[in-house]
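> First the structure, which I've put down as structure tokens, then a few questions once you've had a look.
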């Protein structure tokens, strides 16, 4: 009855049938090598540090994402995060698990959402992605970070403002593991990932890697 009244449509092209149709899913821009070894940005050849992360003090050892944040991915993420289409979180996890190597001897830790935004949305996309990946990779998921305060939305802010906005926004919980994979939905400038990784390092983690569904690609 629900399907008759409100039939599903692809969130990318609006074709009726499923939330993301097969052609649109196949057309999502996968991120492939060569990459920057540190931040995971696509590069002309493998480099230890690219122009995007060179000269920055990064608390994470590496960052990797499954897809580039183009208009199609933006539409998917918007429907997943803002409209609560939670099955898209499963699709995101499938793409991450199919694109990235399974990490070993580690625990998955989601970036905690701002409380007000998570209440408004009714869910936490990063936490869902971590749980979905935990099931696919057979890895434990633990809440080892907490928000110390809310903040202005990152969208539309400059890199400098983004870093200032999340500086000191996270604190570690007790029982920090020595090796952690930090999970978030989108890597934009790396400011949130870096602030969260810094808190985990202060809490005792020796290595923090970052995994996200999507990342912004900057053309230089």
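Here, each number is a calculation from the coordinates, and none is a lab measurement. Note that this is a predicted model, so its numbers are computed, not measured. Methodologically, a virtual Cβ is constructed for each residue, glycine included, from the backbone with ideal geometry; neighbour enumeration extends over all protein chains shown.
> Could you state the number of Å between the C-alpha centres of the stretch 173-212 and the stretch 17-48?
Using only Cα atoms, the two centres lie 22 Å from each other.
> With each label point set 7 Å from Cα along the Cα-Cβ vector, what nm distance links residue 119 and residue 48?
Those two pseudo-labels are separated by 4.8 nm.
> What is the angle, in °, between the Cα long axis of helix 71-81 and the longest principal axis of the Cα atoms in the chain? Nearest 10 is fine, range 0 to 90.
Between the helix axis and the principal axis of the chain, the angle is about 90 degrees.
> Kindly identify the chain as rounded, prolate or oblate by the Cα gyration tensor criterion: order the square roots of the eigenvalues as a ≥ b ≥ c, call it rounded if a/c is under 1.5, otherwise compare a/b with b/c, prolate if a/b is larger, else oblate.
Values: a/c = 1.58, a/b = 1.33, b/c = 1.18.
Prolate, since a/c reaches 1.5 and a/b exceeds b/c.
> Using a 10 Å cut-off around each Cβ, can you sort 71, 37 from fewest to most neighbouring Cβ atoms? Walk me through the intermediate numbers first.
Values: 71 8, 37 15.
So the ranking, lowest neighbour count to highest, is 71, 37.
> Sticking with this structure for a sec: Relative contact order for the chain using alpha-carbon pairs under 8 Å, separation at least 6, rounded to a whole percent?
Numbers: 403 pairs, mean separation 46.9, N = 220.
This gives 21 percent for the chain.
> Once the piece of chain linking residue 74 and residue 207 is laid out straight, how much longer is it, given 0.36 nm per residue of separation minus the C-alpha distance between them? Before the final figure, lay out each step's value.
On the way: separation 133, 0.36 × 133 = 47.88 nm, distance 3.00 nm.
Full-extension gain reported as 44.9 nm.
> Just rank 174, 123, fewest to most, by other beta-carbon atoms within 10 angstrom. Walk me through the numbers before you get to the answer.
Working: 174 7, 123 14.
Neighbour counts put them in this order, fewest first: 174, 123.
> In what sequence do 144, 133, 28, 119 fall when counting other Cβ within 10 Å, fewest first?
Numbers: 144 24, 133 27, 28 18, 119 10.
By the 10 Å Cβ count, ascending, the order reads 119, 28, 144, 133.
> Using a Förster radius of 30 Å, what is the FRET efficiency between residue 142 and residue 57 based on their Cβ-Cβ separation? Nearest 0.05, please. It would help to have the intermediate numbers written out before the result.
Values: r = 26 Å, r/R0 = 0.86.
Using R0 = 30 Å, I get an efficiency of 0.70.
> Counting only DSSP beta bridges with both residues in the chain, tell me the antiparallel percent, nearest 5.
On the way: 6 of 26 bridges.
Here the share of antiparallel DSSP bridges comes out near 25 percent.
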